[in-house]
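Derivation of every value follows stated rules applied to the coordinates shown; laboratory data play no part. Keep in mind that what you see is a predicted model, and the values were worked out from it rather than measured. Virtual Cβ from ideal backbone geometry, glycine too; neighbours counted across all protein chains shown.
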Amino acid sequence: MANTYELSDGTRLKKSTIDRLVKECKDRVSQAVINDQGYLVCEDCRRNDCQPVERSHNISVDMCQKLGVTEYAYADENITHRGQPCHKIYDSKPNRDLINKLLARLKPNSNQF
Ligand SMILES: [Zn+2]
């Protein structure tokens, strides 16, 4: 099937479904933080002027799809709130330790990134 991506259990999802699940995941994660602390702040630097706060993937959607662990694209623990400056820094130099830790939890025997 065209334009589908694999989950770790071998099932495949359409890109449109993945996109919807990613959006729902981001909204769910933000709402949980708002409910808990009342506002969103950059989790990397904790500065109030690190704005706007965005929902950043620790493991990019693209990488989740390529690695065949697409369900991680919409896993709550794969989302971190980062202000735009920190988001850009993160995306230019992803945290390999964090990525490997998250991947190990999902797929114990998977190759390291
Ligand atoms: Zn920041």
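If you go through the range 33-45 one residue at a time, do you hit one that is surrounded by fewer than 17 Cβ atoms within 10 Å (Cβ to Cβ), over 14 Å from the mean Cα position of the chain (by Cα) and of a type in the set (Ser, Thr, Tyr)?
yes
Any residue that is within 13 Å of the ligand (Cβ to nearest atom) and closer than 26 Å to ASN3 by Cβ - is there at least one of those in the range 33-42? Lay out the reasoning, then the answer.
We begin by selecting, within the range 33-42, every residue within 13 Å of the ligand (Cβ to nearest atom); these are 40-42.
Going one step further and asking which of them are closer than 26 Å to ASN3 by Cβ, we end up with none.
No, the range 33-42 contains no residue that is within 13 Å of the ligand (Cβ to nearest atom) and closer than 26 Å to ASN3 by Cβ.
Anything in the range 3-33 that is more than 20 Å from CYS86 (Cα to Cα) and among the β-branched types (Val, Ile, Thr)? List them, or say none.
THR4, THR11, THR17, ILE18, VAL22
So, SER92, is that one within 27 Å of GLY10 (Cα to Cα) and of a type in the set (Ser, Thr, Tyr) or not?
Considered against the rule, which asks whether it is within 27 Å of GLY10 (Cα to Cα) and of a type in the set (Ser, Thr, Tyr), SER92 comes out as no.
Quick one: which residue in VAL29, VAL61, VAL53 is touching a helix residue (DSSP H, G or I) at 6+ places or on another chain (Cβ under 7 Å), within 19 Å of PRO94 (Cα to Cα) and among the hydrophobic types (A, V, I, L, M, F, W, C)?
Checking each option against the conditions leaves just VAL61.
LYS15 passes all but one of (1) within 16 Å of the ligand (Cβ to nearest atom); (2) without any contact (Cβ under 8 Å) to a residue 24 or more places away in the chain; which number fails?
(1)
Of everything in the range 24-75 that's of a type in the set (S, T, N, Q) and touching a residue at least 12 places away in the same chain (Cβ under 8 Å), which residue is nearest to LEU106 (Cα to Cα)?
THR70
Quick check, is ASN100 of a type outside the set (Lys, Arg), surrounded by fewer than 21 Cβ atoms within 10 Å (Cβ to Cβ), within 13 Å of the ligand (Cβ to nearest atom) and free of Cβ contacts under 8 Å to residues at least 24 places away in the same chain?
no
Report, by residue number, each residue of the range 32-47 that is under 23 Å from ASN95 (Cβ atoms) and touching a strand residue (DSSP E or B) at 6+ places or on another chain (Cβ under 9 Å).
Passing the criteria: VAL33, LEU40, VAL41, CYS42, GLU43, ASP44, CYS45, ARG47.
Scan the range 59-78 and tell me whether some residue there is over 24 Å from LYS15 (Cα atoms) and not β-branched (Val, Ile, Thr).
No, every residue in the range 59-78 fails to be over 24 Å from LYS15 (Cα atoms) and not β-branched (Val, Ile, Thr).
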